[in-house]
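Written below as structure tokens is the structure these notes are about.
The values are calculated or read from the model by the stated rules, or taken from the named source; none is laboratory data. What you are looking at is a predicted structure, and each value in this text was computed from that prediction instead of being measured. Every residue, glycine among them, receives a Cβ derived from its backbone with ideal geometry; neighbour counts consider all protein chains shown. These area figures cover heavy atoms from the full protein model, side chains too; ligands, DNA and RNA do not enter into them. Shrake-Rupley method; radii C 1.70, N 1.55, O 1.52, S 1.80 Å.
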Amino acid sequence: MIKILKFIFFSTIIIILITITYQLLYLNHDFNTSYSITIYDQKKQLIGARVAKDGQWRFTDTKSIPSHFEKSILSFEDANFYLHPGIDPKGIVRAIYLNLKNGKIVSGGSTITMQLARILRGYKRRNIYEKYMEACLAIALELKYTKEEILLKYMNTAPFGGNVVGIDAAAWRYFGHSISNLTLSESACLAVLPNAPSLIHPGKNKEKLKNKRNKLLKKLLKEKKISNSEYKLALLEKIPEKPKQLPNDFFHYFNYISKSHTHNSDKIITTLDSQIQKKGNDILSKHLKRHSANFIFNGCVLIIDNTTGAIKAYVGNNPNLINSANSPMVDMIQANRSTGSVIKPILFAQALSEGIITTSSLLEDIPIYLKKFTPKNFNEHFDGLVSAKEALKRSLNIPFVKLLQEYGVEKFHNNLTELDMQIATRFEPDHYGLSLILGGAETSPWEIGNTYFKLSQFLKQSTSNDVLENNDIYSVKPLNIRKKRSLNLSPAAIFQTFNVLAEKKHLEAQGQTYHLNQKVAWKTGTSFGFRDGWCVGVSNDYIVVVWVGNADGEGRPNLTGSLTAAPVLFDIMNVLHKKSPSWFKKPFEYLYPITICKETGYRPSRFCDIDSIKLCTNKPKVKTCPYHKKINDKAIFVTSPIISYYYNQTNVLSSITNKRFQIIAPRNNQSIFLPKNLANKQNSFIAKAVCKDQILFWQLNGVFIGTTKLKHEINIGLRKGKNHLSVTDEYGNTESVIFTVI
């Protein structure tokens with residue numbers, strides 16, 4: 001008999017040991033589960049969360065045990081937690097006694113470790129076998145982990161009612177803050193939930209939950225784990241009415257991070273500054289409320305730290321559009337829109353880099369007619385000639401179209417590729433043509449911010465030995481001067497471009513005047529059809545990109561960069577810079593002395609007054625001044641008639657021409673489309689010429705059609721196909737053009 005008992009005893013021990021060993025092996029895979037994606041700002045404050053794949057609110061494991069919660073949970077569930085080896089014989093005996101006394105199961109005698117084992121086994125049906133397996137697994141847990149690790153794992157996996165799992169998720173769902181801010185009352189409230197999570201939790205059986213909390217608090221007082229004053233204050237705290245909504249003020253940013261998320265951890269600490277984000281929200285909201293009267297509903301703001309590339313604010317759409325039909329869910333920061341003029345500074349910097357122009361070079365600003373493309377300045381006026389920097393500051397279209405024509409569309413397209421702009425990878429250069437510089441291509445506010453950050457960092461790295469290393473996948477990336485030699489972009493050109501854009505520190509928009517309190521390079525943009533208003537600003541500290549418009553692409557009167565986006569940017573920049581920031585350092589080693597014509601900004605001819613400036617390359621391609629000629633032993637400023645016509649309207653300086661007059665419309669080889677009027681007859685065309693104090697005689701297709709004096713415009717009827725227009729002055733000089741009517 002003794003042998004049989006010994007056999008049974010040792011067999012039982014062996015079975016238990018085998019079971020525990022098996023459980024130890026099982027623990028290699030015990031905690032694999034899905035978590036909610038939680039996103040935090042730079043101060044580790046929760047700014048957004050989404051349920052896990054299994055529909056549970058389950059946050060990534062917390063690494064610390066709140067003292068109030070530890071006292072509460074141990075007093076309520078397992079007073080001998082730090083003493084037993086996973087199972088508590090006293091607790092089991094007590095449970096058997098209570099169950100027999102009450103004639104039903106009122107206590108399971110489970111330790112916290114056994115409850116963790118039950119969680120890991122998937123809450124299988126209660127029976128003797130399952131209790132045995134839980135006990136063996138509990139012992140295995142005690143062998144593998146420390147007491148603190150077991151308590152942490154229990155805290156992170158225990159059910160807290162509804163679809164809330166883990167203490168961190170419970171703290172946010174029920175109390176609206178992290179576990180580090182839990183009060184004694186809140187800790188006691190959470191401690192009693194895992195015991196019966198389906199029966200009581202905030203929003204369900206509130207009075208029962210309150211009674212259980214109060215009972216636990218009284219027990220803590222008796223055990224002298226809390227003081228009498230702590231007890232009384234804890235009783236005064238109310239039980240939450242129902243689960244709280246988690247923070248969702250950063251909806252578009254959360255979606256962007258979620259889509260970009262590649263980390264193993266589901267807890268993401270970002271660089272976002274909640275205070276800056278809220279300021280951006282408020283400022284954009286204020287301005288868009290006003291623009292809504294003009295049926296302009298959408299907008300976005302992106303703020304980038306110009307030192308690190310960190311995203312400080314990401315306002316993806318109008319904060320006023322909650323439950324609106326005006327596309328509030330669309331993240332406009334990632335939406336592709338026509339660029340308008342916001343890439344003009346890039347061409348300006350490239351032209352300076354290659355020495356094609358200087359900042360004071362005069363560019364032609366006259367009507368031009370190209371195949372299927374007739375660009376105009378926004379104000380529909382022409383200056384004849386205008387300095388490159390004035391053309392950039394005033395965002396004149398004609399000078400930049402002609403500059404791109406000289407620089408080369410394909411080369412500029414390649415430069416955009418080197419800057420990692422996706423705008424350049426969607427289509428080949430011929431698809432855009434010269435319209436590329438006026439918004440013929442689309443890009444996103446994110447890409448614009450990224451590009452201006454690269455330009456800024458390219459400049460900064462030229463005056464510093466520091467190379468920015470930013471491994472944050474959610475930040476924009478620098479353009480490393482040591483790696484991007486193929487860009488052929490001079491830091492000095494970027495410096496000069498930013499200086500030009502920073503010269504104007506005020507803005508007049510819709511009857512209001514906005515002032516910048518610091519030095520900021522800023523550029524507006526407006527797309528064709530008034531569909532997009534842009535403004536990008538660059539300081540030494542920040543990059544700010546603002547877009548305003550309608551997500552569906554509807555154009556509106558006065559939807560321009562100056563009237564809609566720029567006021568937002570000015571307000572934001574003034575908030576960001578309470579103190580005047582430092583400006584970019586001048587890259588002296590990339591500047592080279594050159595002599596230029598003082599009046600035209602080109603290399604001087606022997607008839608020019610000269611000036612000395614610093615150029616951005618030691619291999620200048622700046623052409624020799626084409627405007628100063630020697631006439632009657634005197635140096636004279638000479639232009640073509642059409643340039644002279646427009647230039648003299650805006651400049652005190654008089655100019656003469658080699659020609660006495662010039663036809664300005666139509667242009668030679670131009671194609672003209674003339675629609676029919678309401679009488680089903682083809683509309684006429686107004687031909688124009690410029691001339692000084694002469695009578696002009698007009699012929700169309702060999703037939704005399706009239707004379708003009710002073711104002712040289714004549715209304716002509718045209719035939720379909722090729723036409724020949726000739727004009728003769730009173731001295732017998734003739735000019736003619738051939739054009740096609742389609």
For the chain, accessible area per residue (1.4 Å probe, heavy atoms of protein chains only), Å²: 49
Integer Hz, Karplus 6.51/-1.76/1.60 couplings in order for the range 205-218, x for Gly and Pro: 6, 4, 5, 5, 5, 5, 5, 5, 4, 4, 5, 5, 4, 5
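Which shape class, rounded, prolate or oblate, goes with the range 134-225 when its Cα gyration tensor gives a ≥ b ≥ c as root eigenvalues, a/c under 1.5 marks rounded, and past that a/b bigger than b/c marks prolate?
Details: a/c = 1.67, a/b = 1.43, b/c = 1.17.
Prolate is the answer for the range 134-225, as a/c is 1.5 or above and a/b outweighs b/c.
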Sparse-neighbourhood loop sites, GluC sites (Glu not before Pro) in the range 142-224 - DSSP loop, at most 12 other Cβ within 10 angstrom: Glu223
³J(HN,Hα) computed for each position of the range 450-461 - Karplus, 6.51 cos²θ - 1.76 cosθ + 1.60, integer Hz, glycine/proline x: 4, 5, 5, 5, 4, 4, 4, 5, 4, 5, 4, 5
About the Cα centre, charge dipole magnitude for the chain (Lys/Arg +1, Asp/Glu -1 at Cβ), debye: 1780
Farthest toward positive dipole pole in the chain [+1 Lys/Arg, -1 Asp/Glu at C-beta], among Val690, Phe373, Thr307: Thr307
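List the trypsin sites (Lys or Arg not before Pro) within the range 571-616 that DSSP assigns to loop and that have no more than 16 neighbouring Cβ atoms inside 10 Å. Spell out each step's value before the answer.
On the way: sites: Lys578, Lys579, Lys585, Lys598, Arg606, Lys614; in loops: Lys578, Lys579, Lys585, Lys598, Arg606.
Those that pass, being in a loop and sparsely packed, are Lys578, Lys579, Lys585, Lys598, Arg606.
Under unit Cβ charges (Lys, Arg +1; Asp, Glu -1), what dipole magnitude, rounded to 20 debye, does the range 132-223 have relative to its Cα centre?
Rounded to the nearest 20 debye, it is 540 debye.
Any idea what the dipole of the range 195-291 comes to, in debye rounded to 20, about its Cα centre with Lys/Arg Cβ at +1 and Asp/Glu Cβ at -1?
For this selection, approximately 620 debye.
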Whole-Å distance, taken between Cα centres, linking the range 129-192 and the range 527-595: 50
Signed unit charges on C-beta, dipole axis of the range 687-742, positive-most listed residue Leu725, Leu700, Val741: Val741
Calculated P(r) tail over 23 Å for the range 551-634, as whole % of Cα pairs: 59
Trypsin sites (Lys or Arg not before Pro) within the range 338-407: DSSP coil, no more than 10 neighbouring Cβ in 10 Å: Lys371, Lys372
Cα gyration tensor shape of the range 306-434, rounded if a/c is under 1.5, else prolate or oblate by comparing a/b with b/c: prolate
For the range 489-500, Karplus couplings with θ = phi - 60° (6.51, -1.76, 1.60), whole Hz, Gly/Pro x: 10, 7, x, 5, 5, 5, 4, 5, 5, 4, 5, 4
The chain: calculated mean residue ellipticity at 222 nm from DSSP helix runs of at least 4, using -39500 (n - 2.57): -10500 deg cm²/dmol
Cysteines without a disulfide-compatible neighbour (Cβ-Cβ under 4.7 Å), the chain: Cys136, Cys189, Cys300, Cys535, Cys616, Cys691
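Would you work out if the range 106-178 is rounded, prolate or oblate? Take a ≥ b ≥ c from the square roots of the eigenvalues of the alpha-carbon gyration tensor; rounded if a/c is under 1.5, else prolate when a/b is larger than b/c, oblate otherwise.
Since a/c reaches 1.5 but b/c is at least a/b, the shape of the range 106-178 is classed as oblate.
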Contact order relative to length of the chain, as percent, for alpha carbon pairs under 8 angstrom and 6 or more apart: 10
Amide H partners (placed H, <5 Å) of Ile37, local residues excluded: Arg50
Protein accessible area in the chain, 1.4 Å probe - carbon and sulfur %: 53
